[in-house]
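Below: the structure, in structure tokens.
The values are calculated or read from the model by the stated rules, or taken from the named source; none is laboratory data. As the structure is a prediction and not an experimental result, all values here were calculated from the model. With ideal geometry, Cβ positions are generated from the backbone for all residues, glycine too; neighbour counts draw on all protein chains shown. Ligands, DNA and RNA are excluded from the accessible area calculation, which covers all protein heavy atoms including side chains. Shrake-Rupley method; radii C 1.70, N 1.55, O 1.52, S 1.80 Å.
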Amino acid sequence: MLATAAARKRGKPASGAGASAGAGKRRRKADSTGDRGKSKGGSKMNEEISSDSESESLAPRRTEEEEEELEETAQEKKLRLAKLYLEQLRQQEEEKAEAREFEEDQVAGRLKEDVLEQRGRLQKSVAKEIQAPAAADIRILRGHQLSITCLAITPDDSAIFSAAKDCTIIKWSMESGRKLHVIPRAKKGAEGQPPGHSSHVLCMAISSDGKYLASGDRSKLILIWDAQSCRHLYTFTGHRDAVSGLAFRRGTHQLYSTSHDRSVKVWNVAENSYVETLFGHQDAVAALDALSRECCVTAGGRDGTVRVWKIPEESQLVFYGHQGSIDSIQLINEEHMVSGADDGSVALWGLSKKRPLALQREAHGLRGELGLEQPFWVSSVAALLNTDLVATGSHSSCVRLWQCGEGFRRLDLLCDIPLVGFINSLKFSSTGDFLVAGVGQEHRLGRWWRIKEARNSVCIIPLRRAPRPPAAGS
């Protein structure tokens, strides 16, 4: 009885507790079933909900970071701007310092050049930059009937004056190559005709302000012209033989002249007056040149000397070096000069030494049969003022450009420029952008022989400069 009751009690729970326990189990089962159903049927919804919940949870974090960042920028803004401002100031100061240094270098360079120029020792290095011009680039101006003997270029490089054995003077436009004016030959003894030369014009010079042109001829006359209008102004007489050299003192209207009468004369063109005469050469003087100082240099022809004339002291310095007749001379600066002779040599001189600083023999080579060779005469020389660039002319079918070594103690050949005929005159433009050559079939001082294939002409040779390599670190 008791066992049966116990078995009943174990197998059949009490109605209150058993019901509640069963109900709880059923609810839990239903809940778990519902949860499984939800997870199976609504996984997409769960993913979307999860994403939204993440964004909602991250949004406040980003806002906090931004706030922190904003708070840091506000704190560091003044320091950052101060650093930026100081950096800009530093850069500006560096740029100003570089500009000052550059200007100081430029000013120092210009002052150094001015001092060297005043002392007559300035030697700018330009020769290595010159490129050999092509034959097609050379402009040829034809207008004279006979050999060109001399040239002059206006200070602004706008015009060229040429004179010839046909007794005419022509003014050419540098830009167009056209004739601007022709001063015709004057007939001897004819009255009422325009003034001009009646014999070979051997030399010309133009004043440094471009106001006056002077020309000298075989008839012992010096004619003074207005360089702009080519109007005749004065005639200077006094030489007793052909006038072979003329030069104005730079910055003045003082004119120096020399002649086959062996003298050097001084004139004041502005006042139309004669000043004085100097003697010393032992033979006909062939050429003359002058710069700013009150002195001039002469090539003494057959007496074999180069002379420097100190006008105020009425004294002279005598230089020896060539073996033949010295036919051409030009000053490079106030202390150095270049000369050429018919022995084929070119010499560089310094006023402090009576012998050449450099002597280039056979400067244009040799001519003639084997065993009977003779050097080509050097008939003209030119120098670009205050530089190391020199040009020489002969009848060797070329003009030669040379570089003067440091201290003018060496001559190095740069290039040959082909030109057929006697190169009777050479002139550099003031800027060094071109070289003008006066070419003739005959030598300017005589008729020893004739080159028939030559053309009497003025040749404008462009001198282009090679671009300089960029400086290191630029």
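Some values worked out for this structure:
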{"item": "Filter result for the condition that a residue is closer than 25 Å to residue 405 by Cβ and in contact with a Gly (Cβ under 9 Å, 6 or more places away or on another chain), over 306, 297, 285", "result": "306"}
{"item": "In the range 416-442, the residues that are open to solvent by 20 Å² or more (accessible area, probe 1.4 Å) and assigned to a strand (DSSP E or B)", "result": "416, 418, 427, 428, 434"}
{"item": "Test for residue 260: is it under 28 Å from residue 446 (Cβ atoms) and open to solvent by 50 Å² or more (accessible area, probe 1.4 Å)", "result": "no"}
{"item": "Test: residue in the range 281-288 that is surrounded by fewer than 24 Cβ atoms within 10 Å (Cβ to Cβ) and farther than 14 Å from residue 257 by Cα", "result": "yes"}
{"item": "Extreme residue, farthest from residue 141 (Cα to Cα), among residues of the range 449-469 that are open to solvent by less than 30 Å² (accessible area, probe 1.4 Å) and touching a His at 6+ places or on another chain (Cβ under 9 Å)", "result": "451"}
{"item": "Unique match (being over 24 Å from residue 427 (Cβ atoms), surrounded by fewer than 24 Cβ atoms within 10 Å (Cβ to Cβ) and either among the aromatic types (Phe, Trp, Tyr) or in contact with a strand residue (DSSP E or B) (Cβ under 7 Å, 6 or more places away or on another chain) (or both)) among 310, 353", "result": "310"}
{"item": "Candidates 389, 366, filtered to the one that is touching a strand residue (DSSP E or B) at 6+ places or on another chain (Cβ under 8 Å) and open to solvent by less than 10 Å² (accessible area, probe 1.4 Å)", "result": "389"}
{"item": "Yes/no for residue 231 being in contact with a strand residue (DSSP E or B) (Cβ under 7 Å, 6 or more places away or on another chain) and over 18 Å from residue 150 (Cα atoms)", "result": "yes"}
{"item": "Residue within the range 322-341 that is open to solvent by 60 Å² or more (accessible area, probe 1.4 Å) and not acidic (Asp, Glu) present", "result": "yes"}
{"item": "Of the criteria (1) assigned to a loop (DSSP other than H, G, I, E, B); (2) touching a Phe, Trp or Tyr at 6+ places or on another chain (Cβ under 9 Å); (3) open to solvent by less than 30 Å² (accessible area, probe 1.4 Å), which one residue 270 fails", "result": "(3)"}
{"item": "The listed residue being at pLDDT 95 or above, within 17 Å of residue 170 (Cα to Cα) and open to solvent by 50 Å² or more (accessible area, probe 1.4 Å), out of 215, 208, 229", "result": "229"}
{"item": "Total residues in the range 124-147, condition over 21 Å from residue 416 (Cα atoms), open to solvent by less than 70 Å² (accessible area, probe 1.4 Å) and in contact with a Ser or Thr (Cβ under 7 Å, 6 or more places away or on another chain)", "result": "1"}
{"item": "Matching residues in the range 273-290 - criterion: being in contact (Cβ under 8 Å) with a residue 24 or more places away in the chain and in a loop (DSSP other than H, G, I, E, B)", "result": "280, 281, 284, 285, 286"}
{"item": "Residues of the range 244-265 satisfying the condition of being in a strand (DSSP E or B), within 15 Å of residue 311 (Cβ to Cβ) and in contact with a Lys or Arg (Cβ under 9 Å, 6 or more places away or on another chain)", "result": "255, 256, 257, 258, 263, 264"}
{"item": "Strands (runs of 3 or more DSSP E) within the range 128-232 that include 2 or more residues of a type in the set (Ser, Thr, Tyr), without any contact (Cβ under 8 Å) to a residue 40 or more places away in the chain and touching a Cys at 6+ places or on another chain (Cβ under 6 Å)", "result": "none"}
{"item": "Where residue 399 falls short, out of the listed (1) open to solvent by 10 Å² or more (accessible area, probe 1.4 Å); (2) under 22 Å from residue 129 (Cβ atoms)", "result": "(1)"}
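For (1) within 26 Å of residue 447 (Cα to Cα); (2) over 31 Å from the mean Cα position of the chain (by Cα), each residue gets a yes or a no:
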residue: 307; (1), (2): no, yes
residue: 311; (1), (2): no, yes
residue: 322; (1), (2): yes, yes
residue: 326; (1), (2): yes, yes
residue: 334; (1), (2): no, no
residue: 361; (1), (2): yes, no
residue: 379; (1), (2): yes, no
